[in-house]
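Have a look at the structure below before the remarks.
The values are calculated or read from the model by the stated rules, or taken from the named source; none is laboratory data. Small disclaimer: the values here were computed from a predicted structure and weren't measured. A quick note on method: Cβ atoms are made from the backbone with ideal geometry, for glycine too, and the neighbour counts reach across all protein chains shown. Note: accessible area is taken over every heavy atom of the protein model, side chains too, but ligands, DNA and RNA are not part of it. Shrake-Rupley method; radii C 1.70, N 1.55, O 1.52, S 1.80 Å.
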Amino acid sequence: MNDNSLLHSGYPEIPEEQIRSLQNILIRQAKLYTMGDSSSLPIELMEELLLGIRFTIDLGRSELKSPSADIGSIYKSGQKIVARLLESAKGMLFRLSHFHPPITNRSYRDTFSELEKFPRQYDMRFFPHQIPISIDYQLSLPVSESLQGISFFCEYLRRLSLENALCRCFSFGKLKRLLTAYSSDYDDLLVNLFDPIFQNTLALSLLKKEVRGLNISGSDRAALAALFSERISTDRKNKLHRAVTRLLIELGIDSPALESYYAEIASEMLPRISSSVDTSFQGVFYTFSD
Amino acid sequence: MEYKSLELFSSGNLSSQKKVLLKLNQQTSRYGLSLSEKDITELVTKHTETLKKARRIDFAGEILPKLIYAFCDSPYISDDEYLDTLIELTELFYHYKNECMEILSDDELVGFMADKFNSNCLGNLRNLADTLEEYCHSIRYGDSSGDNDGDYLEEDDYE
């Protein structure tokens, strides 16, 4: 029987001659999973085992560049990568747990409790593609759902660290006033804390004003409207990217990763900024009383 | 995912399965039971159909030999109903393997089936099905430690 249909869905096809090796890996995994107690499994469980194997093979391919490498070697390489990524994730979690933003909300706190459970609940042996926790706190730039398992988790932690880096540049008091201006219910709502902070600091940077002030005044809005009067979107985009660079210099942050992430967020924000010029940037930049 | 796709990964070597089952006749013939090649082909075919109906994948090819070993010395099975009995036992096995939610191992379930078939159920497959129903119910909702002879926990037992 030659049926490669199960090898589709975004995974590179496995050559025919390697199908037998894949079969052996799956059978071995099923035997290990059942600890020899069962000779059969529900189809749904076998599917999940197979997805776990494919996930691992995909990771393994990224390291073993040799085109002649057999599936067994690629799989073993993938297992080592999964283990390594898990250790890396533990390190990131530890650092994150010591560097929370000065202000958080319920969604952030609940999600962080979940994140801390991940290393214990993650099954890297049989289901490395799964994420066995609930992640409610939305990042400014969500992680692509094409990433799975430990890959998704690591990328989520990385982006959360990048977002927290900006939040930590400001005092609790200033952040509270800004977030309250953003939404009085910010603590209870499923909102991203970084967004309003980044939006305001970006606006201040565009205006070449001190970003640590964090506040956008009425006159600032008028000045911003003039700045966004250009019709050409690439000019606007370039303005935003330069503002990101200036923002990081002023905050004393030297990080290409941060600059790249914030620049991408700024680009994503551009349509919203552009469309809110006529409403004086309501819902985009926030004013609070100092 | 379609069953057909995953079937690729089942222990599918038909001719080796048949060889194993034919060889078992050496043991079962002591009890007056044996399967012809035609019987074995039908048994293996029915096994595959049962697996598909139960939405399970067999990755080790062990159940038919286990059932044959466990039941060949039953006083309630005669040679002329041997094949039909094995087919029905296979169906019962996979159905209740699902019902007990993988809590029972293959050996535990086959052992329970053989024990009850030869005792309380007096060789009656319908009685065996009823007994299995009660047993699996008690595993899912009550005492999961093992055979409870059809008794499952009353409400008071939870207090």
Fill in the blank from the handout: Applied in sequence order to region A:282-288, the curve 6.51 cos²θ - 1.76 cosθ + 1.60 (Karplus, θ = phi - 60°) yields integer Hz couplings, x standing for Gly and Pro, of 5, x, 10, 10, 10, 10, 9
Problem - Charge dipole magnitude, Cβ of K and R +1, D and E -1 - region A:165-232, Cα centre, debye nearest 20 - result: 320
Exercise for the section: Any chance you could look up the accessible area of B:SER74 with a 1.4 Å probe, heavy atoms only, rounded to 10 Å²? Expected result: 10
Handout entry: In region A:176-258, the GluC sites (Glu not before Pro) that fall in loop regions by DSSP, at most 16 other Cβ within 10 Å
Key = A:GLU210, A:GLU230
Completion exercise
Once Lys and Arg are counted +1 and Asp and Glu -1 for all other residues with Cβ under 9 Å from that of A:ASP290, the total becomes +2
Handout entry: Solvent exposure ordering (accessible area, 1.4 Å, most first) of B:HIS47, A:HIS100
Key = A:HIS100, B:HIS47
Exercise for the section: Work out the length of the dipole vector of chain A about its Cα centre, built from +1 on the beta-carbon of each Lys and Arg and -1 on the beta-carbon of each Asp and Glu, and round it to the nearest 20 debye. Expected result: 960
Practice task
Could you order A:GLU17, A:GLU47 so the one with the most accessible surface comes first? Probe is 1.4 Å.
Solution key: A:GLU17, A:GLU47
Exercise for the section: Take peptide A:29-39, look around each residue's Cβ out to 10 angstrom, count Cβ atoms belonging to other protein chains, and average those counts. Expected result: 5
Handout entry: Helix-derived mean residue ellipticity, 222 nm - over chain A, DSSP H n ≥ 4, -39500 (n - 2.57), to 500
Key = -20000 deg cm²/dmol
Problem - Sequence-distant residues sharing a close amide H with B:ILE57 (under 5 Å, placed H) - result: A:LEU41, A:ILE43
Completion exercise
Counting only DSSP loop positions in region A:141-200, the GluC sites (Glu not before Pro) whose Cβ has at most 10 other Cβ atoms within 10 Å are A:GLU145
Practice task
Only loop residues by DSSP count here, and only those with at most 15 other Cβ atoms within 10 Å; note down the trypsin sites (Lys or Arg not before Pro) in region A:51-122 that meet that.
Solution key: A:LYS65
Completion exercise
Phi-derived 3J(HN,Hα) across region A:81-95 with the Karplus relation (6.51, -1.76, 1.60, θ = phi - 60°), rounded Hz, x for Gly and Pro, is 5, 4, 4, 5, 5, 5, 4, 4, 5, 4, x, 5, 4, 4, 5
Fill in the blank from the handout: The answer for the net charge of residues other than A:SER161 whose Cβ lies under 15 angstrom from its Cβ, with Lys and Arg +1 and Asp and Glu -1, is +1
